[in-house]
Amino acid sequence: MFKGLQALWGSFGEAVLRFASGTADALRTAFGLARGGEAPVDVPVLRQELSYIRREGETAPQIAALGANETIPESLYTESNIPWKSSFAYEVEFYGRDLQTGMFTHTSRIITSSEALTPGEVLEIADTRFGAEGAYPQLSIQQMSLTGAFTRAGEVPF
């Protein structure tokens, strides 16, 4: 069926075929039906990762509502299995112009730290690293906000 669509609609049909193939592969992987030779999906790990994603979505508005000098409560930190070298990590969303392309962009970066930081400290570090005048200039930042706070899984750094 998809091959007929490709022939009928030309490049649009090819795009539909690529999307359908990619979606089918992603669904097979998510449900553990991946083709032979691919890494199997561990269902408990998948559930845990989905739980982390849900928790991040729940805590993001509460973290964004904190004042610049408020301490982030321990309850708003999400444990993460990502192997950072530091005990704490913070996700910052940026809105602004990409310095290379000049196009308006929305992106996020992770800031790591060995100690708990306030939202103001995290945003200051983010600006000094990634802002137009920063150590690794990437964006002319119009707006940025702290959207996530993480700790390494299995550690209780508080």
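The values are calculated or read from the model by the stated rules, or taken from the named source; none is laboratory data. Just so we're clear, the structure is a prediction, and the values are computed from it rather than from any experiment. All Cβ positions, even for glycine, are placed from backbone atoms using ideal geometry, and neighbour counts span all protein chains on display.
With respect to the conditions (1) loosely packed, with under 14 Cβ neighbours inside 10 Å; (2) at pLDDT 90 or above; (3) under 26 Å from residue 58 (Cβ atoms); (4) more than 17 Å from the chain's Cα centre (by Cα), residue 106 lacks only one, and its number is (4). When restricted to residues that are touching a Leu at 6+ places or on another chain (Cβ under 7 Å) and not in a helix (DSSP H, G or I), region 106-131 contains 1.
Within the option set 68, 64, 132, 126, being hydrophobic (A, V, I, L, M, F, W, C), touching a residue at least 24 places away in the same chain (Cβ under 8 Å) and surrounded by 15 or more Cβ atoms within 10 Å (Cβ to Cβ) holds for one residue only, 126.
Residue-by-condition table, conditions (1) of a type in the set (Val, Ile, Thr); (2) assigned by TED's automatic domain parsing to the domain that holds residue 144; (3) at pLDDT 90 or above:
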{"residue": "56", "(1), (2), (3)": "no, yes, no"}
{"residue": "64", "(1), (2), (3)": "no, yes, no"}
{"residue": "67", "(1), (2), (3)": "no, yes, yes"}
{"residue": "78", "(1), (2), (3)": "yes, yes, no"}
{"residue": "92", "(1), (2), (3)": "yes, yes, yes"}
{"residue": "96", "(1), (2), (3)": "no, yes, yes"}
